[in-house]
Structures are given as structure tokens and as C-alpha cells.
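Have a look at the structure below before the remarks.
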Amino acid sequence: MSMATASIPTVERENYLNKHYGVGSWLFTTDHKRIALLYLLSITFFFFIGGFFALLIRLELLTPAGDLVQADSYNKLFTMHGMVMVFFFLIPSIPAVLGNFLVPLMIGAKDLAFPKINLLSWYLYIIGGVMMLHCMLTGGVDTGWTFYVPFSTAFSNTKVVEAGLAIFVAGFSSILTGLNFVVTIHRLRAPGMSWSRLPLFIWAHYATSIIQLLGTPVIAITLVLVAAERALHLGIFDPKLGGDPLLFQHLFWFYSHPAVYIMILPSMGIISEIIACFSRKRIFGYSFVAFSSIAIAVFGFLVWAHHMFVAGISVYAALVFSLLSYLVAVPSAVKVFNWTATMYKGSIYYDAPMLYAFGFLGLFTVGGLTGLFLAALGIDVHVTDTYFVIAHFHYIMVGGAVMGYLGGMHFWWPKISGRLYPEGWAKLAALIVFIGFNLTFFPQFILGYIGMPRRYYQYPPEFQVLNVLSTAGATILGVGYLLPMVYFLWSMRYGKPAPDNPWNAAGLEWKTASPPPTFNFDEEPVVTWEAYNYDELNRFPVKEETPVAR
Amino acid sequence: MPDSQLTAAHNPALLHHFAEPQQQRDAASLGTWVFLGTEIMFFGGLFCTYLVYRRGYFGDWGAASKTLDVTLGATNTAVLICSSLTVVLAVWAAQTGRRRLLIGNLLATLVLGTAFLGIKGIEYKEKFEKHHVPGASFQFNNVRIPGHPDQYANPSHAEIFFALYFVMTGLHALHMIVGIGIFIWLTVMAWKGRFTPEYNTPVEMGGLYWHFVDIIWIYLFPLLYLIDRHP
Amino acid sequence: MFDNFPLWPQRASTMAGNVDALYIFLLMVSGLMTLLISVCVVFFAAKFRHRPGVQAEPIEGSTPLELTWSIIPMGVFLVIFSWGAVVFFQERTPPRDATEVYVVAKQWMWKLEHAEGQREINELHVPVGRDVKMIMTSQDAIHSFYVPAFRIKQDVLPGRYTVAWFRATKPGTYHLFCAEYCGTQHSGMIGSVVVMEPAQYEVWMSGGSTGPLSASGEKVFAELGCATCHRPDGQGRGPNLQGLFGKTVQLEDGRTVTADENYIRESILDPGAKVLKGFKPVMPTFQGIVSEEQLNALVAYVKSLSSTRPGNAMAAGSTSPPAKASAQRSQVQ
Amino acid sequence: MSAHPSSSLKLYFGIWITLLACTGLTVWAASLDLGRFNAAVALTIATFKAILVALFFMHLKGASEKLSKLVVVASLFFLLILLALSMSDYATRTWT
């Protein structure tokens, strides 16, 4: 305890954290940085709920027999795991936490364009989250996160409507966040901050916002139709009354495929920042990386039916969607090549954020390449709805999105909290996450190809060895995720005070105090330099006491 | 920037994070347009559903559409068009500083909007009486398909039509109700004299929203009321 | 050694080799790419690690390089796409003379009925070396017919037929999974496909059949009184069904459709939807009156009326094309 | 905003009359048997009306800047993608 008093600096500058105190100053704040922290708390909560479900799923799958939980409980577990992780963790994670915190800072604005709407979107998220929790605690839902009709409308006895409404409400939170970002990026850039000077993190968030704005309304209305169909039996999705269940799948995937890019694009933005900073170089092919984000967002809307190749859609349509799916792979590949090329002739530091970026590169590459398997019609028939798909999208969403998220949290933690985290522990955590992740999900590729269907709570015994490996990996992965939470919390009290620019990084967010003052900058910044001007920064080497652990 | 602080001091409506009123106005305008863009996609899911089933069940839908009252539908279209005129006049009045004209047009818009909902209510009531509301008591037996006098419409397919009719017009009506709420607020603000030729963004943005809801109806009217109408 | 730890699925159909070949190609392509990127990352990270006094070299980028690494992958992707499409077409095009099995999926079992009349639950017996086509529908939610050893999967939808086919190459017993989540006992909806030598299969076939499916269809056809209107002489109020199946027919509203399984099915359940040219929509619906099994039998019966295959009830010679039938019909009016 | 108040007023009333006339026109056109073209005519008139409202009542023409137009065009483009690619399935379901 005496340590604590010692570690707090005697004179603290006024910043967004200490300007006001009290619950009210948080719950009614319109400061984007405080709202980001509100989001951080709430999505972390949901992450661990979703993670707990994942743990139970993996434990059940340790043995071929269905022994730990009942079949219907298992179905609820994977449904709630998917819904919580997708709608309450992955989609808001980077945009609502790091995006919220950094978008105004990076473009030199005092706040987002609509601060009250920003707060409203957090409240919508919380209302949706509370509805989801209520739904879980009073029986849960068992349709899978995909809500496929007619099972969800006519056969499930669980709380489908309530879960749907929870996601509907959370969807509007996502729409409003996207709206705020688009307007802010267009209207509130500091003088001199032209589009070609925007950090790639901003480009990525701009692309993400496009998807949030144009995709989310479609799933919202689709969930309304599902709720109405379930309550009133309208016939819209009921084949007995002439409805077509595949129409639901079209509408659902029209959002839910691009939604994958809501999760991965911001992460790509983070990786661009980290790789540039720790290679001490401007990102290779800046404009290609920037436009590939936009290309991914747009092409992402053209490929949804590749989730439906065996669903009974037309063979010709399948052909079109398969071809378009390969189109969206090109900008992703371009990004990976550019990041790799950025490291060429760099001056590379191995700090924790960079380790996460290395991890991202490896895992995203595997995730992306296995996407080629799934987009190939002939192979998709065999591997769709098996563990191959599970492995593929976890490589993208966990290996890609979560690695980026954690990398970003480490990179900007000194800015957010004004404290340094323990570098050694951070490196260890990055290593544990990487190993645990691969052990969990790599065996699932093999499981999928040898034919284990997804959403099975009992399975033929020949699948056991691979499942045991996967469960073992999940345990390691769980530890890897708990560690950062522990040392981040620890650092808030005991961490060394962070300098304003601990990494000697480019970008406006590093030019203000750590943590930043309420209105972000003491005087309005004027930008006179290009993005990633590391060659200039390198001429002024970091002072010895500033870096985290170098 | 001393400039912006100066402006801020002069203009109580300028929020702290904007440098100048023009920037704030542009942000509001872009925000509204982007919001309307999401609304297009929101109704877009319904239009997609509509397209799929209208293509599949054209005859049954023609029969179902024919039971709608085209006079009431057309009247409502006219009512909304008139309200769009009063809205644009209100915006003009606000921009030119004519307070009484502004209030008058806002009130006229409210009256027209309420009239629209009233007429819609009459139509809904009729649907209930005729058992054309999807659900357990839905009935659509022995209705002939237009152009095929010996063929009866399939009640299930007609039910899908009415389901979409209620979802689409219902969501539209919900937007109207929200619009009326916005316009009541605008009227109160106008009454208090908040809007000046320099500051009238809320009137303009409310107007954009109202016109958008009008455009949705401009499509709903032919799509729902005018399928296969000819004798 | 790998009994409990297989790394590759069994290969028991003609399709399996094609899928595996493409899979192996993709494994090589993506292995190469992963290797390329990880070698670059590791090499750069080691070679260009921060050293005091050595500064990063500012490099802007290179448009030729960007174009290269956009266009080359695009080319590779197009190869994968085309190859995948070719395999897909094979998977989706059942041979014309395949043996037919009608499948009804329900929560949570597979009901299978051979055209020859054998009924099975959660087990499908087939001979080696014969094309088998499954005509599948669901009674409730969406299911999916998945046999990993054959590399085939097809969702089974309520309200219509979907089709899958295979030609088994190796005797044995293989898993039949439901691959689309369908409710509580989804993971219990496991059956097996038993592939037998033709001789054994003949022995199996000879036991327990109640006669061909088309015969039970004929019985249902008679019981429901279909024959009063669908008369073989073309004089009934409904179209003559002889030789109808598989033909492209003109509809009353000018459209044309192919009279396939889904068309027959729809015409029984929703007769007004696609009325043949020259006929009046007078047929009542049989929605809710016939079960899925009876429906399958009826479809099999209508099919048998146009089959040219030996062993089936009717020969092609005795049928009249639908166009002629409708012409006769209009003469009567 | 408007430099010539009376001219804007004239424009607004002109658009209003045109919109009302188009409403009458579309009801009348629906009573004709144009076969497949009934839907096309109805949608063309509706689109014409929508464009009038957007350009003149919502001031997309003139005063408003390019960005708003871009937002509208982009939204319609994605709506078109939703409709067109969904129909690519429904219009080609027949196979073998």
C-alpha cells in the first residue's frame, strides 16, 4: 500500500480521467475518451462471459459422449457464445473502444461530431447487453447465432424473439458509432490533415463505418421479420405457406458476411500503425493499404452467398458468388504483402505490440488462405458446416481481430491510462496467446476435413484426439487472455507514469499529454507533415528514460 | 483559435468541439444524409423480400393488392406531398426569418401528418374487419386472380402480401410518428423564437427526414396498391 | 495406429478423389504462401532488428510491386475458382440413369426409401459402383445430408426437393451426418451408409421390400382419386401424366417450366401455381392431406410413367407428349 | 439562403403541382393493361417523383454539396447490390 502512494507522481496534470470524479461524471459523460473506457469495461465483461461459454464447450468436447452438459444446454452454450462474441464483443471491440478513443485524437479533433449520440450508442449497447443477459438467465436461446429459419421461427422453444431484439438494439449502437465516425472523419479533421495524411487506422475505421451503416440496417429489419413471423406466423419464411427459408439466409448473410470485415478491418488498421512504428518506417505503399480497406468494405458486400453453397441456391448464383469471393481476397493479400514489405530495411523493435503484430501476420495469413479453400465451390461442399469453418473464422476473428485488439491495447495503453504496463509480462502473454491459439484451432482444420460437423455435442470416437488437443490449447489460450487483464489493472495503480510519446511514434495522438486533457489538445493542432514521418522522428532518438522496457 | 472562441461567445448554439457554425451545420447535414442512407437499407431488406415474393406469386398478390382501397392510398399520397410542400415552405421561412410563416407551416405539416395516420388507421380497421390481417384469423378464400377469372388466389401467398403490407406501412407509419414528434419539438422551438436566418439547422434536418419518409411512401403506394390493377 | 487419430477422411466415392486433388493443390499453394510470408517476416525481423546507430531506410512503396502482388494472386485465385467450379458441377449434376433414393429428414432421423421399395431409417444400403441419386426433403427444419467419405453435402429443405448423388467405390460403413443445425438432438442425427458388393446388395435387396415405390405411389394415386381427372387417354379434366416427367411444358400464363420432381411436388401441394396450358385450375390442394412419404411415392409414380428404363412399369412408347395432350384437351372444349 | 425568395417559392409550388399530377398519372396508368410494363411505368413515375423531392425539396440540387449526393448514390448502389445479387439466385434456380 505504501508503494502505491510512492508511485503516484506528486504533480499530476489535469486530464480526462481526473478532471471530474464520481459515477455521474462517467455515466453522463460526452467525452469520447470516457465513453471508450465505458465500452472497454462492458466489452471486457462480455468477452469473459463469451469465453466462459467457450470453455464449457471445449470441456464438453473433451470426450465423445455427451456427458458434461445436456444436448439442449450445449446448443444454448454455442448459441450464446456466438451471439455474445459476435454482437457484444467483436463488432464493438476495436471501433467502440480504440476507435472511439483514437479517431478524434488522430485527426486532431476535440471530440466526435455528435458526442451525445456517442453516449446514446453506449446506452443502446448496454440495453441490448442487459436484454441478452436477461435472455440467458431466463432460459437462453438455442438457434445458433445464425437464427436460421424455419427452426428459429417454428421449432425452437427458446427465447428467440428476446435475443433477436437484444441484437436489434445493439445493432443501432453499431450504426450510430459508424455514423459518428464517418461525419467526424469528414468534418472535424484538423487544418492540414488531408485524406492522404490520415493514419491507416482512420482509413480502416472509415471503411468499417461504411459496412456498419449499410449492412446493419438489413439485419435489423431481418430480425424484425423473424420476430414477427415467430409471433404471428406470417408465412414470410415458412415453406408450408409459400415462404422461402433461403430468403432469410440471403438477408442474414448480406449483413453477417460484411460484419466479418467490421471485426477485421479495424484490426488491420491497428497492425498498420504498430508495424510502422516498430519498424521505424512509413508503411510500404500507403495508398494501396488505404484503398484496400475501402475495397474490402465494398467487395465485402458482393460475396455473402458463399455461406450458402450447399443451402439450395442456384448453381449459377453459386458460381458468381464464388468468383466474387476471390475478388475480395486480393486486397487482403495486398495488405499482408505491404506489411511484410514495410519491415524490409526497417529498424525493428520487439516490443509487446509488435509481437502481437507478428502473431497477427501469421494467423491472419492462415485464416485468409483457408478462406480460399472455402470459396472454392467443390471443396466448400465437403468442409462447410464442419470444424474447418470454425477453425477458419476463428483464425480471422480471434487470430486476426483479437490479436490486433490486444496489440492495439498494449500500444495505446500508456496513452489511455497514463501508465506503463510491465513489458516482460506483456511479451509472455503474447507468446502464450499465440501458442494457445494455434493449439486450439489448428487441429480443428484437420477435424473439419475428416468430417466432424459443427454444433455437435457428441461425436464418433475417432475425432477425440484432435478434440483433446484443441481443449488443451483453449486452456492455455484462456490463461493468455487473463494475463493482460491482470497486469493492465495492476498498472493502473502501480505502473510507471507514461511519457507523452513512449514509443517515439508518429501520429497526432502522441503529441498530446498521456492521458490526454478533456478536449484532447491544449491548442488546436495544425498538421504540416505526412503520415508516418518516421524518418524525421528517427533523427531525434528517444531519450533513455522514456521507452517502456528497451 | 481566438476566432472560434469569439464566434462561440456570440452563438450559444455552437457546440464546444466545432470551430465555427458552418462546420457544425455541415456535420449535422452529413450526419442526417448518412442516417437516411442507413434508412434506405433498412427498408431495402423489405424491398428485397417484396421483390422475391411478388415475382413468385404475382397473380395471388394482384388479387390481394386489389382489395386495398386505392382511393384512400392515393389520397394519402397527396396528403404527404402537400405536407412535403409545407415542410419546404417552413424551411424557407426559417431561412428567411419569417417566424409566423414558419410556425404556420410547421403546424400545417403536423395536421397533414396526423391526417395521413388517420387515413392509414381507417385502412387498418378495414383490414381487421375483412380478416385480412395475417395470423390465426386470416381469411382470403375464393378471391379471383385478376385476369384469370377461373382461378382463385392462394390464401397463403396473399397472406405473405398482407404481412409485408403491414410491416412496410407499419414501419412507415412509425417513421411518421417519429417525424411528428420531431415537428412538435420544432414548433415549440420556433414558438420560442430559437430559429434565425443564421441558425435553423434543426428545421432543415427535420425537413430532410420528413421528405425522406415521403419518398418511401411514394414507392410504397404503387408497390402495394397498384399491382395488376387494370380491369 | 491412426485408428483413433485419422488425419485424412476415408475415400469411398468417385467424387472423393476429385475433391482431394483440389484440396491437396490448395494445401500446396497456401503452404507455399504461408512459408513465403513467414520466412520474409522472420528474416526481416532478424536481419533488420534495431541496432544502435543504424536507421531505417525510408521507402515509399512501389507501384509495379503492388501490381505484381495483386495480379499474380488474382491469377492463382482464378485457377482455384475454375477448378472448384468444375468439381462443383460434377457434384451438382447427377447422372441421368442413377438409382433413386427418396430421403425425408425430420427431427432427428433420416428416413430413406429406395425406388425399389426398401425402407430404412438412419441407414442407407447401396452397392459399389452404381450411381445413386438422393431426392431429399425435410418435414420440419433445415437439415443437411453429409457423408464425409463421399465428400458430398447438401442441405435438405422443407417445402421442396434438393438433390445429391454419389457413386461408392469401396465397401464399408460410413458416417451419415446431419450437418445443418436442426435442434436439440442435432448431433444425434447420425446414420450410416453401408456400401456393399453388388452380390451382397442383391441379397439384401431381396428381403423386406413391399414392392417398388412407384407401385405404392400408384396405390396412393388411386386412393386419392387422382385417376378420375389424370386419365391416361388424355380425356380427363387434368393433364395426362404419361410421359410428362422431364419434359419442358408450356404453362397457362405463357411461361415454360421443366416438369421435374419439384414441379410435380408443387403441383400436388399448390396446384394453382403452375397450371399447364389448356387446363383449368380446378385441382384441389393436397397440402396437409398427403404425407412426405406419400408425396415421394406419388412423384416416383409420375416419374415411372415416363421412364424408359427397363424394369419400370411403363414404356416410353405408350406415352403422348404433353403438348399433344393439351391439344387434345382443347379439342374437347 | 435563397437570394430570390419569390423564385424559390414558385419552384416549390411548381414541384408540388407536378407531384400531385404524377400521383394522378400513376393511378390512371395502373388502370391500363400494359402487360409487363405496368410495373415499369409505376416505378418510373415513382422514381421521377422521388427525384423531384430529393433534388428540389431536399435541396440536393444546387445548394447542397457533392458529399450528400455521394451518400445517396452509395446507399442506392448497395441497395441495388442486395436486390440484384439476391435475384441472381432466384432467377436461376432451375438446374439439370
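The values are calculated or read from the model by the stated rules, or taken from the named source; none is laboratory data. Because the structure is a prediction, the values reported are computed rather than measured. All Cβ positions, even for glycine, are placed from backbone atoms using ideal geometry, and neighbour counts span all protein chains on display. Areas reflect the complete protein model, heavy atoms only, side chains present, ligands, DNA and RNA absent. Shrake-Rupley method; radii C 1.70, N 1.55, O 1.52, S 1.80 Å.
Helices (runs of 4 or more DSSP H) fully within chain D that include at least 3 residues being within 27 Å of A:Leu251 (Cβ to Cβ) and modelled with pLDDT of 95 or more: D:37-52, D:66-90. Going through (1) open to solvent by 20 Å² or more (accessible area, probe 1.4 Å); (2) more than 14 Å from chain A (Cβ to nearest Cβ); (3) not in a loop (DSSP other than H, G, I, E, B) one by one, B:Ser156 falls short only on (2). Taking every residue in the range A:228-249 that is assigned to a loop (DSSP other than H, G, I, E, B) and pairing it with any residue that is open to solvent by 30 Å² or more (accessible area, probe 1.4 Å) and at pLDDT below 95, at least 6 positions away or on another chain, the pairs with Cβ-Cβ distances below 7 Å are A:Gly235/A:Leu241; A:Asp238/A:Ala154; A:Gly242/B:Tyr57; A:Gly242/B:Asn154. So which pairs qualify, if the first residue must be in the range C:15-39 and within 7 Å of chain A (Cβ to nearest Cβ), the second must be among the basic types (Lys, Arg) and in a helix (DSSP H, G or I), the Cβ gap must be under 8 Å, and the two must be at least 6 apart or on different chains? Partner pairs satisfying both residue conditions: none exist.
Does A:Ile221 count as more than 30 Å from A:Leu508 (Cβ to Cβ), within 11 Å of another protein chain (Cβ to nearest Cβ) and not in a helix (DSSP H, G or I)? When the stated conditions are applied, A:Ile221 does not pass them. Has the range A:313-332 got any residue that is small (Gly, Ala, Ser), part of a loop (DSSP other than H, G, I, E, B), within 24 Å of A:Phe252 (Cβ to Cβ) and facing another protein chain (nearest Cβ under 7 Å)? Yes: one or more hits. Please tell me if B:His172 is assigned to a helix (DSSP H, G or I), open to solvent by less than 20 Å² (accessible area, probe 1.4 Å) and within 14 Å of chain A (Cβ to nearest Cβ). Spelling it out, B:His172 is indeed assigned to a helix (DSSP H, G or I), open to solvent by less than 20 Å² (accessible area, probe 1.4 Å) and within 14 Å of chain A (Cβ to nearest Cβ).
Rundown of residues vs (1) within 28 Å of the chain's Cα centre (by Cα); (2) away from every other protein chain (no Cβ under 14 Å); (3) at pLDDT 95 or above, yes/no style:
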position: A:Gly473; (1), (2), (3): yes, yes, yes
position: A:Met492; (1), (2), (3): yes, yes, no
position: A:Gly495; (1), (2), (3): yes, yes, no
position: A:Pro525; (1), (2), (3): no, no, no
position: A:Trp529; (1), (2), (3): no, no, no
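Residues in the range C:156-170 that are open to solvent by 30 Å² or more (accessible area, probe 1.4 Å), in contact (Cβ under 8 Å) with a residue 40 or more places away in the chain and part of a loop (DSSP other than H, G, I, E, B): C:Arg160, C:Thr169, C:Lys170.
Number of residues in the range C:211-234 that are over 16 Å from C:Leu298 (Cβ atoms) and touching a helix residue (DSSP H, G or I) at 6+ places or on another chain (Cβ under 7 Å): the value is 1. For the range A:499-508, the count of residues that are at pLDDT below 95, of a type outside the set (A, V, I, L, M) and open to solvent by less than 10 Å² (accessible area, probe 1.4 Å) is nonzero. Restricting C:Val195, C:Val220 to residues that are of a type in the set (Val, Ile, Thr) and assigned by TED's automatic domain parsing to the domain that holds C:Tyr301 narrows the list to C:Val220.
Would you be able to say whether some residue in the range A:450-458 is part of a helix (DSSP H, G or I) and over 23 Å from A:Lys76 (Cα atoms)? Scanning the range A:450-458 turns up no residue that is part of a helix (DSSP H, G or I) and over 23 Å from A:Lys76 (Cα atoms). Checking every residue in the range B:124-144 against the condition of being without any contact (Cβ under 8 Å) to a residue 60 or more places away in the chain, in contact with a Leu (Cβ under 6 Å, 6 or more places away or on another chain), in a helix (DSSP H, G or I) and open to solvent by less than 60 Å² (accessible area, probe 1.4 Å) gives zero matches. Considering only the range C:86-100, I want to know if a residue exists there that is in contact with a Leu (Cβ under 7 Å, 6 or more places away or on another chain), at the interface with chain A (Cβ under 10 Å from one of its Cβ atoms), crowded, with 17+ Cβ neighbours inside 10 Å and closer than 26 Å to C:Pro171 by Cα. Checked against the condition, which is being in contact with a Leu (Cβ under 7 Å, 6 or more places away or on another chain), at the interface with chain A (Cβ under 10 Å from one of its Cβ atoms), crowded, with 17+ Cβ neighbours inside 10 Å and closer than 26 Å to C:Pro171 by Cα, the range C:86-100 yields at least one hit. Screening B:Leu72, B:Leu30, B:Leu15 for residues that are of a type in the set (A, V, I, L, M) and either facing chain D (nearest Cβ under 10 Å) or buried (at least 23 other Cβ atoms within 10 Å of the Cβ) (or both) leaves exactly one candidate, B:Leu30.
Only one entry in A:Val103, A:Val141 is more than 29 Å from A:Tyr206 (Cα to Cα) and crowded, with 22+ Cβ neighbours inside 10 Å, namely A:Val141.
Yes or no, residue by residue, for (1) more than 27 Å from B:Met41 (Cα to Cα); (2) within 7 Å of chain C (Cβ to nearest Cβ); (3) without any contact (Cβ under 8 Å) to a residue 12 or more places away in the chain:
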position: A:Ser279; (1), (2), (3): yes, yes, no
position: A:Ile283; (1), (2), (3): yes, no, no
position: A:Ser292; (1), (2), (3): no, no, no
position: A:Ala305; (1), (2), (3): no, no, no
position: A:Asn338; (1), (2), (3): yes, no, no
position: A:Ser347; (1), (2), (3): yes, yes, no
position: A:Asp351; (1), (2), (3): yes, no, no
position: A:Gly359; (1), (2), (3): yes, no, no
position: A:Phe364; (1), (2), (3): yes, no, no
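Do we have C:Glu292 as closer than 30 Å to B:Trp61 by Cβ, charged (D, E, K, R), buried (at least 17 other Cβ atoms within 10 Å of the Cβ) and at pLDDT below 85 here? When the stated conditions are applied, C:Glu292 does not pass them.
Of everything in the range C:247-278 that's farther than 24 Å from A:Asp244 by Cβ and either among the aliphatic types (A, V, I, L, M) or touching a strand residue (DSSP E or B) at 6+ places or on another chain (Cβ under 7 Å) (or both), which residue is nearest to the other protein chains (Cβ to nearest Cβ)?
Applying the first criterion (farther than 24 Å from A:Asp244 by Cβ) to the range C:247-278 yields C:247, C:250, C:277-278.
Filter again for either among the aliphatic types (A, V, I, L, M) or touching a strand residue (DSSP E or B) at 6+ places or on another chain (Cβ under 7 Å) (or both), leaving C:250, C:277.
On the way: C:Gln250: 15, C:Lys277: 13 Å.
Only one residue tops the list, namely C:Lys277.
Counting the residues of the range C:239-263 that are under 16 Å from A:Pro239 (Cα atoms) and open to solvent by less than 30 Å² (accessible area, probe 1.4 Å) gives 1. Evaluate the following for A:Val218: is it closer than 21 Å to A:Ile91 by Cβ, touching a residue at least 24 places away in the same chain (Cβ under 8 Å) and more than 24 Å from the chain's Cα centre (by Cα)? No, not satisfied.
If you go through the range D:51-70 and keep only what is closer than 16 Å to D:Phe13 by Cα and crowded, with 16+ Cβ neighbours inside 10 Å, you end up with D:Leu52, D:Val53, D:Ala54, D:Phe56, D:Phe57, D:Met58, D:His59.
Within the range A:459-469, the set of residues being outside any helix (DSSP H, G or I) and either more than 7 Å from every other protein chain (Cβ to nearest Cβ) or buried (at least 22 other Cβ atoms within 10 Å of the Cβ) (or both) comprises just one member, A:Tyr459. Got at least one residue in the range C:33-44 being touching a His at 6+ places or on another chain (Cβ under 6 Å), within 24 Å of A:Tyr326 (Cα to Cα) and not assigned by TED's automatic domain parsing to the domain that holds C:Ile152? Checking the range C:33-44: not a single residue is touching a His at 6+ places or on another chain (Cβ under 6 Å), within 24 Å of A:Tyr326 (Cα to Cα) and not assigned by TED's automatic domain parsing to the domain that holds C:Ile152.
For (1) touching a Gly at 6+ places or on another chain (Cβ under 7 Å); (2) not aliphatic (A, V, I, L, M), each residue gets a yes or a no:
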site: A:Thr365; (1), (2): no, yes
site: A:Ala376; (1), (2): yes, no
site: A:His382; (1), (2): no, yes
site: A:Met403; (1), (2): yes, no
site: A:Arg419; (1), (2): yes, yes
site: A:Phe434; (1), (2): yes, yes
site: A:Leu447; (1), (2): no, no
site: A:Arg455; (1), (2): yes, yes
site: A:Glu462; (1), (2): no, yes
